[in-house]
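Coordinate-derived values only; no laboratory data. As the structure is a computational prediction, the values presented were derived from the model and not from experiment.
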Amino acid sequence: MRRLNWKLRFLVLAAGLSAAAQAPAALITIDGAGSSAEFLAVWDPISGASYYRVLTVGNPPGGTTPLRGDMFTANPEFTSGFTGPITYASDTNFATFLALPAVQSNLAGLQWGVFAQNDAVATIDQTVAPPPPGAVPFPTMQNANASADTFFGEINSQCVSGNSCIITSGNGKANEPIWGNNVGGNMPVYAQTGINNTQLPFYHFDSGGASPTVTQYLAPGGATDYRILADGTLIYEVSAVPEASTLAMFAAGLAVVGGIARRRLA
């Protein structure tokens with residue numbers, strides 16, 4: 001009888017280990033330091049149909065290791081070692097997302113943004129729609145982190161494999177109040193409307209205790225942003241600035257307008 005009991009225990013243990021080995025992984029992973037994977041979200045604010053894609057390390061991107069928050073130290077290829085645009089090619093899930101009837105009826109109204117956060121030190125990395133944001137107090141940052149944790153759990157209940165997924169029903173849709181385009185009303189608007197070659201500057205929010213700071217990510221060539229194309233291609237790049245010739249033409253145009261105005265006044 002005792003030998004039978006041990007056999008039963010062994011079978012139960014083996015079944016448990018097998019189930020654990022087959023348990024699906026979460027899309028928006030959280031590491032031991034409380035830092036989430038960085039991800040792209042694109043969604044239809046009317047139906048809530050949402051596309052999520054985890055961004056991976058490297059230049060060009062490769063493998064399945066996700067980017068983490070605070071890329072100043074974690075991913076120098078995005079900051080001090082930046083050598084040129086980092087392009088995430090579109091995938092089949094995005095093509096499927098675009099083909100959804102609800103999405104097709106509101107292509108011009110799609111919203112998108114890039115986000116990552118770290119619970120342990122209450123920091124957030126995110127794109128932000130202009131104008132540049134102000135500092136976010138520590139309690140507000142904590143609320144945003146808590147909203148993000150809840151939302152990630154909802155996404156992970158439906159997205160369990162690969163680097164991207166689509167959610168069209170249930171929890172985890174990006175238009176719900178806990179998320180929306182401002183992380184549950186806690187953060188400056190992190191999303192932008194329109195995916196046809198639109199850009200968003202990329203910022204690091206540090207609660208910093210009594211002295212919160214907001215810093216746009218910088219590379220040797222200047223401040224950086226994310227840009228998305230209509231087919232879902234995402235590009236991390238140095239923000240475009242007017243060329244010297246363009247600025248000169250603009251200044252010349254202002255001079256002409258000023259001269260005309262002066263003559264009319266005379």
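Miscellaneous remarks
- Extension gain (nm, one decimal) between ASN175 and ALA146, 0.36 nm per residue minus Cα-Cα: 8.7 nm
- With the alpha-carbon atoms of the range 26-265 aligned to their principal axes, the span from lowest to highest coordinate is 68, 46, 34 Å, starting with the largest.
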